[in-house]
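Written out below as structure tokens is the structure these notes cover.
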Amino acid sequence: MATTLASLPTGTTFLGGGSVGFKVWAPRCQSVNLVLFPHHLSAKFAHRTHASHWPVEEGVKIELTPTSLTPTSLTTDNNHGDNNHGDNNHANDNHRASPHANHYFAAMVSDISEYGYYLYQMNHGVARPDPRSHFQPFGVHGPSQLVNQASFNWTDGDWKGLAREDLVIYEVHVGCATRGGTYRELFSQLPRWRELGVTAIELLPLAETPGRWNWGYDGVHLYAPKAAYGSPSELKELVNECHRQGLAVILDVVYNHLGPEGNYLREFAPYFTSKIRTPWGDAINYSGRNRGPVRQWILDNVRHWLQEYHFDGLRLDAIHYLFDSSSPSIAEEIAVVARQCQAETGRSIHLIAETNVFDPRLANSYSAQWADCLMHSVYSLVAPRVRLTNREYRGGCDVAIALEHGYVYQGSQARDYSRLGVSSDSSKAHPGLIVSLQTHDSVGNHPHGHRLHQLTDRAVQKAAAGLMLLSPSIPQLFMGEEGAVETPFCFFTDFGDPALRDAVDRGRQHEYPHHDWRGARLPSDPAAFFASRLPDFESWDHEMWAWYQRLLQIRKQGLSAGWLDANKARWYHAPSEHYFRLEYGEGDCECRVESWLLPSELPQTQLVDHPSGFGNSENADEESKMANFKSWIIHQSWPSLEAPPASRCRVTLRPAVAKPG
């Protein structure tokens, strides 16, 4: 069947024979010209990264033809003309406006080999990048680069992904994980992450952001991986190599807003609604007029990352700010697309929702939820002066609740949540929750980017790590945590607009006014980025690294043996002694984790041991078993087994299942 302008999918489509189809949704334009630039201008363009207006005289103009979008192209991936996937992405036809009313502009250009970059000129005036650009090598304002996604030679055909229970996630900022801050430099880190016990890496958002560095949450080109880290092919090489080494790769994506600089989508079409605002700007138009192409832009982006880049999952940022009154919601439709991709690829794909509190509505459609109740509860106990959330946490009581149930708060809307009671009968949600001690938010939102061991001490971190890494939830580490690195992780940006830089610098302090900001690096200061890069491994705390490694070995052993299971877990809390105990086993206890979570200023003489058997049993048989358990205590540094360990954490395994450490 011949390709027509109406059947072209939105974006760029390589048609074969050197021809490329271009199609853009632009109902706010009377006319659109395609401006093509030859390859040899790349060196010249590289010096214009902060320019917001690009001259079109150096390019070749081609007038695009007004056209429609046929139903068969609504759910087509936007880089391969023969890759149709049907209509299932939009279960509710009411989401679609009439194709003829959507005002698309398109052209098919033959023999395009001389040209590598392009812009869309609107109404014979300014020229802007493609809203579906696949690469922005000259920054958010510059020309888009043509990328033939089918040209990469994947070798991961045997990779089938990981089961949810096998996930141990390692959160990574590509720009700060190595000195060079590129995809290729991460190759050298993969063997050590595997040796540690990590099974999946999660990359902070890659969508192109303004300037040289950014956390990633100010992205404005959702399809274009950040050029500062490398090319699209180099990102694919990283994913391919991770799969070769047995590591899954998850990508953090932002579908609730776009960044403030380089965001030209409003000039094309109603991508946003001014009726609802997120904390970061206008919300995306998921429910209003002309919502169909907006929703398809997001759903196609899900396919883009999962199919073109072979990611094993997506972590959706602040999902409660995906304001949507439609049915099904965009969050539900994203889950449908992910399931379709899983069926088509034969690879396990995981959707992770950043909910912060447990949302029961997502329990069946999403693989897991970011639940930071345990983390904030630990902070409220061991570092009560550090408050990084507007929710109230009550020290040891909430640590105990979070350990037993997986969460303290639950809710389905932003800032609309409720607490669990101390004696709640609520079911345990551990298998579908991701728990952490540190994340990019918890570290980066501290004025000085301090890590947990810097706010407390290393003993506190070790004690908390025992509970977190051996909990029945999915553990997640933030890069450098396992080595108690001294480098901070600051909030940093590189906006080109001076007024925007000043506004962000002031806004950070207003967001957390209760913190002491004296001496804190400003987000616009390049020092905030350079100080956040991880040091060489030689300077890490290798005792801490070994402790994390041993805990993850025990975790893997427990999953393999079947005893690390929420249904086989028991918890105990002695509030006055800051003592927490987690035990696994049906009948005989297989594993016992004991932690003393003391604020660092308390003297260690307050540590009190609890040698009264496992669980709530205090009979002689259990005491006898305790003696056998002690022969297999896994520890780092305590001199005696008769008193609580100096590390404030010990893990005991039953001899029948224990292996010498």
**Report entry** Looking only at segment 104-146, and only at residues there that are within 35 Å of the chain's Cα centre (by Cα) and of a type in the set (Gly, Ala, Ser), the one that is surrounded by the fewest Cβ atoms within 10 Å (Cβ to Cβ)
**Finding:** Gly116
**Report entry** Matching residues, segment 270-281, being open to solvent by 30 Å² or more (accessible area, probe 1.4 Å) and not hydroxyl-bearing (Ser, Thr, Tyr)
**Finding:** Lys275, Ile276, Arg277, Pro279, Trp280
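What number of residues within segment 471-512 satisfy the criterion of being outside any loop (DSSP other than H, G, I, E, B) and open to solvent by 40 Å² or more (accessible area, probe 1.4 Å)?
As a first pass, look at segment 471-512 and keep what is outside any loop (DSSP other than H, G, I, E, B): 474-478, 481-483, 498-511.
Cutting the leftovers down to open to solvent by 40 Å² or more (accessible area, probe 1.4 Å) gives us 498-499, 501-503, 506, 509-511.
Residues in segment 471-512 being outside any loop (DSSP other than H, G, I, E, B) and open to solvent by 40 Å² or more (accessible area, probe 1.4 Å): 9 in total.
Go through segment 9-42 and give me each residue that's of a type in the set (S, T, N, Q), surrounded by 13 or more Cβ atoms within 10 Å (Cβ to Cβ) and under 23 Å from Gly125 (Cα atoms). Spell out how you get there, then give the answer.
First, pick out the residues of segment 9-42 that are of a type in the set (S, T, N, Q): 10, 12-13, 19, 30-31, 33, 42.
Applying the additional criterion that residues be surrounded by 13 or more Cβ atoms within 10 Å (Cβ to Cβ) yields 10, 12-13, 19, 31, 33, 42.
Answer for segment 9-42, where residues must be of a type in the set (S, T, N, Q), surrounded by 13 or more Cβ atoms within 10 Å (Cβ to Cβ) and under 23 Å from Gly125 (Cα atoms): Thr10, Thr12, Ser31, Asn33, Ser42.
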Query raised in the report: Can you name every residue in segment 355-370 that is crowded, with 18+ Cβ neighbours inside 10 Å and charged (D, E, K, R)?
Result: Asp359
Report summary line: Ala546 meets each of (1) over 15 Å from Arg192 (Cα atoms); (2) surrounded by fewer than 16 Cβ atoms within 10 Å (Cβ to Cβ); (3) among the small types (Gly, Ala, Ser) with one exception, condition (1)
Query raised in the report: Considering only segment 220-255, how many residues are in a loop (DSSP other than H, G, I, E, B), open to solvent by 10 Å² or more (accessible area, probe 1.4 Å) and not small (Gly, Ala, Ser)?
Result: 2
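Give the residues of segment 371-406 that are aromatic (Phe, Trp, Tyr) and open to solvent by less than 10 Å² (accessible area, probe 1.4 Å), sorted by residue number. Break it down into steps so the answer makes sense when it comes.
Step one: filter segment 371-406 for residues aromatic (Phe, Trp, Tyr), giving 379, 393.
Selection gives Tyr379 alone.
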Query raised in the report: Given Ile434, Ile352, which one is within 23 Å of His304 (Cβ to Cβ), assigned to a strand (DSSP E or B), open to solvent by less than 40 Å² (accessible area, probe 1.4 Å) and in contact (Cβ under 8 Å) with a residue 40 or more places away in the chain?
Result: Ile352
Query raised in the report: In segment 513-525, what residues are touching a Cys at 6+ places or on another chain (Cβ under 9 Å) and open to solvent by less than 30 Å² (accessible area, probe 1.4 Å)?
Result: Ala520, Pro523
Requested in this report: Kindly indicate whether Phe45 is modelled with pLDDT of 95 or more, farther than 30 Å from Gln342 by Cα, open to solvent by less than 60 Å² (accessible area, probe 1.4 Å) and of a type in the set (Phe, Trp, Tyr).
Outcome: no
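Could you tell me whether Leu314 is within 30 Å of Leu247 (Cα to Cα), out of contact with any strand residue (DSSP E or B) (no Cβ under 9 Å at 6 or more places or on another chain) and not hydroxyl-bearing (Ser, Thr, Tyr)? Even if it seems obvious, please write down each step before you answer.
Values: within 30 Å of Leu247 (Cα to Cα): yes; out of contact with any strand residue (DSSP E or B) (no Cβ under 9 Å at 6 or more places or on another chain): no; not hydroxyl-bearing (Ser, Thr, Tyr): yes.
The answer is no for Leu314.
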Requested in this report: Considering only segment 448-470, state which residues are open to solvent by less than 10 Å² (accessible area, probe 1.4 Å) and assigned to a loop (DSSP other than H, G, I, E, B).
Outcome: Gly449, Arg451, Leu470
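Restricting attention to segment 260-280, does a residue exist that is in a helix (DSSP H, G or I) and of a type outside the set (A, V, I, L, M, F, W, C)? Even if it seems obvious, please write down each step before you answer.
Going through segment 260-280, the residues in a helix (DSSP H, G or I) turn out to be 265-268.
Still in the running and of a type outside the set (A, V, I, L, M, F, W, C): 266-267.
Within segment 260-280, one or more residues are in a helix (DSSP H, G or I) and of a type outside the set (A, V, I, L, M, F, W, C).
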Requested in this report: For Leu5, work out the one condition from (1) under 37 Å from the mean Cα position of the chain (by Cα); (2) surrounded by fewer than 17 Cβ atoms within 10 Å (Cβ to Cβ) it doesn't fulfil.
Outcome: (2)
Requested in this report: Please state which of the following conditions Ser325 fails to meet, knowing it meets all the rest: (1) surrounded by fewer than 18 Cβ atoms within 10 Å (Cβ to Cβ); (2) at pLDDT below 90.
Outcome: (2)
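State all residues of segment 551-566 that are touching a residue at least 60 places away in the same chain (Cβ under 8 Å), in a helix (DSSP H, G or I) and out of contact with any His (no Cβ under 6 Å at 6 or more places or on another chain); if no residue qualifies, say none.
Looking only at segment 551-566, we keep the residues that are touching a residue at least 60 places away in the same chain (Cβ under 8 Å), and these are 551-559, 561, 563-566.
Add one more test, that the residue is in a helix (DSSP H, G or I), and what stays is 551-559, 561, 566.
Answer for segment 551-566, where residues must be touching a residue at least 60 places away in the same chain (Cβ under 8 Å), in a helix (DSSP H, G or I) and out of contact with any His (no Cβ under 6 Å at 6 or more places or on another chain): Leu551, Leu552, Gln553, Ile554, Arg555, Lys556, Gln557, Gly558, Leu559, Ala561.
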**Report entry** Evaluation of Glu332 against (1) assigned to a strand (DSSP E or B); (2) surrounded by fewer than 21 Cβ atoms within 10 Å (Cβ to Cβ) (one fails), failing number
**Finding:** (1)
Report summary line: Expected output for segment 474-502 (first residue within 12 Å of Pro535 (Cβ to Cβ), partner buried (at least 20 other Cβ atoms within 10 Å of the Cβ) and hydroxyl-bearing (Ser, Thr, Tyr), Cβ below 7 Å, 6+ apart or cross-chain) is Met479/Tyr170; Thr487/Ser532; Pro488/Ser532
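The values are calculated or read from the model by the stated rules, or taken from the named source; none is laboratory data. This one's a predicted model, so the numbers in the text were calculated from it and none came from an experiment. Cβ atoms come from the backbone with ideal geometry, glycine included; neighbour counts cover every protein chain shown. For accessibility, only protein heavy atoms count, side chains too; no ligands or nucleic acids. Shrake-Rupley method; radii C 1.70, N 1.55, O 1.52, S 1.80 Å.
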